[in-house]
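Below is one structure, written out as structure tokens, with a few remarks after it.
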2 protein chains.
Amino acid sequence: MTEELAEILNQTEEAVERRNAASVIALCKGLHPADLASIYEDLNSEAREFLVDTVGAAGFSDVLAEIPDTLVEGALDHFEPKEQREILESIPDDDRVDILQDVSESKRQDFIDLLGEEDRDRTRTLLRYGEETAGGRMTTQIGKVFASMTVKEAIDHLRPNLDLVETMARIFVIDVEHRLIGLIRLRDLAFNPWDTPVRDILTPEKHTVLATADQEEAAKLLARYDMALVPVVDEARHLLGVITPDDAIEILEKESTEDIEKSAGIAGEQSEVTYLNTEVMVHFKRRFGWLLVLAFLAIASGYVMLRFEAVLNEAYLLALFLPMVVAAGGNTGGQASTMVIRAMALGELDPEDTRRVAWKELRLGLLSGSVLGIAIAIFTIFILPLFRPELPAGISFGIFGLAVAVALLAQVASSTVLGALLPIGAKSIKLDPAVIAAPAITTIVDASGMVIYFTVARALLGL
Amino acid sequence: MTEELAEILNQTEEAVERRNAASVIALCKGLHPADLASIYEDLNSEAREFLVDTVGAAGFSDVLAEIPDTLVEGALDHFEPKEQREILESIPDDDRVDILQDVSESKRQDFIDLLGEEDRDRTRTLLRYGEETAGGRMTTQIGKVFASMTVKEAIDHLRPNLDLVETMARIFVIDVEHRLIGLIRLRDLAFNPWDTPVRDILTPEKHTVLATADQEEAAKLLARYDMALVPVVDEARHLLGVITPDDAIEILEKESTEDIEKSAGIAGEQSEVTYLNTEVMVHFKRRFGWLLVLAFLAIASGYVMLRFEAVLNEAYLLALFLPMVVAAGGNTGGQASTMVIRAMALGELDPEDTRRVAWKELRLGLLSGSVLGIAIAIFTIFILPLFRPELPAGISFGIFGLAVAVALLAQVASSTVLGALLPIGAKSIKLDPAVIAAPAITTIVDASGMVIYFTVARALLGL
């Protein structure tokens, strides 16, 4: 955000707080609906009421699609039914469907009843698709012409619908039964002789998504093939609508945020409300579940520590490197699982690749573990003695360093392989790897790290 | 990827392996350059050579922009200078610049010398912008008309350049000094009377980026305002080029991957090569740095354990809950920092919000810590005694449970606040929060957790 814009937003918020309608109107005139939406979100409920009254239904309709899901119903409630109708009829049908998906069931029916017949039918049809499907996200107001038309006929056919059509980046060519054949670009109409048949200038379109497909599939198709629009069709290839690049960007950003949050053990749908505007209780619900599970699982590591009391008591200096060995496993396992989960999300890995992943990570784990082990052995043998810590009789710093290094190598190598394979395993039994892998790795490698460390120490140091 | 496509890709790879030129040509004809690129990436170097020879310069030119950076130079080396020139001249200039940025300095000069004069000059100019800037990423082949033209003049002006222009989604309107005034849509030309002055139908464009700005700024602008194209200008508002939605998607995806990887302590530029095709040594270099740093930092936690030897010896049952208290801090701190880092990346948080963030996380930490503490206290008082573990004389399970619960509350509350504030602090001293915060939190809360746990135990249990 530029400083200039931040300044205007601040001024507008202040004008709202002072209830100065004239300057609110003047300031809002130049603002993009996305900016007005972020102001709305920042205000308390009385200030919101004032802002909406001042801007009016006509000024607020485009803002509605930009505010967070959870605020939509409250925003619509500011208006009389007549204004609600005005708003709902003036916005593109994909935005209208999004908005209606965000309000309670009973309200939704009321709002649909406000609409004119044509809008009502189309809206009902779209609402049948799930919110996360291509059909639930698509725009139906697109440019369509028949293959049998000439360029002139196509122009005449499109002209009356110009204001209704959201995007003309591609014009779709359909046959008499409304099945998608291909597409033309607006430039083909603008720069070709008027008697050219549309059939002669169309490009066949191979890439489509089903209306019932996950919206992510459409977004990924658009990203992979740099498409201007992704056509959404039914099983018989009837053209139903399109997914636009701004839909795709929104879908991909939301998905990334969810992946990032899942890896930190944060559950549930990413809220569209900003961090600061989310209530403490909502944050609590999304975060606490895994905290509790992980806390009880961590008792397993504690149990391992209890069982090895004798070893620790005999060479208490082992405590100095215990957290390090355990943590190295968590870090290396976490890195491996992060890379594998991301590669799976980008569609780079199939189940057949499991062996190659394991082999790659095993070499990587042995390499990292060896280098790390050598570094720690050097530290233990040459630097640690300077601090004159206590070692049991008969144990030299040399053998002590060797034990720490071997344990570290075993822990790092096993955790790396495990971190890479857990997400693949989780996916193969239909669990979400991003949700399962991170906590599972932490728990397993914490406990296994202690077992490895104490076992190696007991064997090599003769405790 | 659909099964059908995966099947075609497999067949093509097999045809290449069998060195069957005829069927490679037949199969490749229907493939998108992005698909051909993914086949190229999967092959070994001899098979790549064969594929390139078979497809030829004309068939391979669009593929070049789609293959990973590190493979570009090798791919170009398959061709004779004459073919290299053909390839480099046939692709849009933003792709050409990307490709030239991926080859070695000396090769770059050779390739530039191959180009015709006009292409050479434009390419040199673009290469002056950094690879990560809007200028380095922009497309310069755009539709531009002067405000003084009529619709007819604008059409005649654009017609000869049609094939050169990458996108006509928006046509930019400039003044006599080539400064950006506004834009028109192709539909405005197609559906308006020919004598309409362009000046009368243009929409002013407020949102632009400087060519020297970070490319992310352009991508975020496009995403926020659902723009079809983001104009790139110089300080005097001369129109230089545009950022397209597919550029924006690529920029945003790459950035998300980097954020995800950084949070797991994986360093450096995200490679465009897929996970499986990345060499073990490359993975090692990206991951090992933080592992080593974290390993040595973890000795701090070990040192704390050494110092509290006496406490642990007197009530060794404390070991059962030690890993849990420590890990709970890491988990809760990790969640808080993930949410704050993501909120900062999405532009939701300013430094002024620090106090609000701290207050929110403090309440959240106290809430989570209390519920967690109560759960563990119940476990310790009612379930643990069933296993008849040893407690020192004079210490009841009640006071023991209380000590664990209090330590847990203190650890969770402090780690939550710390996890949220560290990224903000890192950013305020110009460090990348995603790189610094995750390792710093782990290290700090591991050590502080041990201090808290043993200190509370010593105080409450009188050890």
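Here is how the numbers come out for the structure above:
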{"item": "Residue order, fewest to most surrounding Cβ atoms within 10 angstrom, among A:Arg342, A:Arg307, A:Arg355", "result": "A:Arg355, A:Arg307, A:Arg342"}
{"item": "Cross-link partners of B:Lys285 among aspartates and glutamates (Cα-Cα below 17 Å; sequence separation of 8 or more within a chain)", "result": "A:Glu361, B:Glu258, B:Glu261, B:Glu269, B:Glu272"}
{"item": "Long-range Cα-Cα pairs in region B:244-348 (distance over 16 Å), rounded percent", "result": "73"}
{"item": "Charge dipole (debye, nearest 20) of region B:293-444; +1 at Cβ of Lys and Arg, -1 at Cβ of Asp and Glu", "result": "140"}
{"item": "Cα-based reach from B:Lys152 at 15 Å (exclusive), listing aspartates and glutamates while leaving out same-chain residues under 8 positions away", "result": "B:Asp188, B:Asp195, B:Asp200"}
{"item": "P(r), alpha carbons of region A:286-327 - 10 Å bins starting at zero, rounded %", "result": "24, 43, 22, 10, 1"}
{"item": "Inverse of mean 1/r across different Cα pairs in region A:4-103, Kirkwood, Å", "result": "13.5"}
{"item": "Debye, to nearest 20: dipole size of the protein assembly as shown, +1 on Lys, Arg Cβ, -1 on Asp, Glu Cβ", "result": "3760"}
{"item": "Of A:Lys29/B:Lys427; A:Lys144/B:Lys144; A:Lys107/B:Lys254, pairs whose Cα-Cα distance is over 29 Å", "result": "A:Lys29/B:Lys427; A:Lys107/B:Lys254"}
{"item": "Packing rank of B:221-228, B:394-401, where each peptide gets the mean count of other beta carbons within 10 Å, highest leading", "result": "B:221-228, B:394-401"}
{"item": "Peptide A:245-252, shielding by other chains (average Cβ, 10 Å cutoff)", "result": "5"}
{"item": "Alpha-carbon centroids, region A:363-431 and region A:269-321: separation in whole Å", "result": "22"}
{"item": "Most positive-pole-ward Cα, B:Ala403, B:Phe284, B:Thr443, against dipole of chain B from beta carbon charges", "result": "B:Ala403"}
{"item": "7 Å along Cα→Cβ, label-point gaps from A:Glu3 to other copies, nm, shortest first", "result": "5.9"}
{"item": "Shape box of region B:349-463 [Cα atoms, principal axes, largest first, Å]", "result": "53, 23, 22"}
{"item": "Which of B:Arg170, A:Arg137 has the fewest Cβ neighbours within 10 Å, and the rest in rising order", "result": "B:Arg170, A:Arg137"}
{"item": "Convex hull volume per residue for the protein assembly as shown, taking Cα atoms only, in Å³", "result": "193"}
{"item": "Bins of 5 Å from zero: percent of alpha-carbon pairs in region B:213-255", "result": "5, 25, 33, 22, 10, 3, 0"}
{"item": "Ordering of A:298-304, B:43-49 by burial proxy (mean other Cβ atoms within 10 Å per residue, highest first)", "result": "A:298-304, B:43-49"}
{"item": "For region A:133-216, convex hull volume per residue from C-alpha positions, Å³", "result": "95"}
{"item": "7 Å along Cα→Cβ, label-point gaps from B:Met281 to other copies, nm, shortest first", "result": "5.9"}
{"item": "Peptide A:27-35, shielding by other chains (average Cβ, 10 Å cutoff)", "result": "2"}
{"item": "Charge dipole magnitude, Cβ of K and R +1, D and E -1 - region B:1-145, Cα centre, debye nearest 20", "result": "460"}
{"item": "Residue among B:Asn331, B:Ala343, B:Leu367 farthest towards the positive dipole end of region B:322-378, charges placed on Cβ", "result": "B:Leu367"}
{"item": "Proximal aspartates and glutamates relative to B:Lys360, as straight alpha-carbon distance under 12 Å, when same-chain residues fewer than 8 apart are discounted", "result": "A:Glu279"}
{"item": "Copies compared at B:Asp350 - label distances in nm, ascending, label defined 7 Å from Cα in the Cβ direction", "result": "5.1"}
{"item": "Hull shadow area, averaged, chain A [alpha-carbon convex hull, nm²]", "result": "30.7"}
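A short reminder: the numbers here are calculations on the coordinates, not readings from a lab. Keep in mind that what you see is a predicted model, and the values were worked out from it rather than measured. Reconstructed Cβ throughout: ideal geometry from the backbone, glycine too, with neighbour counts over all protein chains shown.
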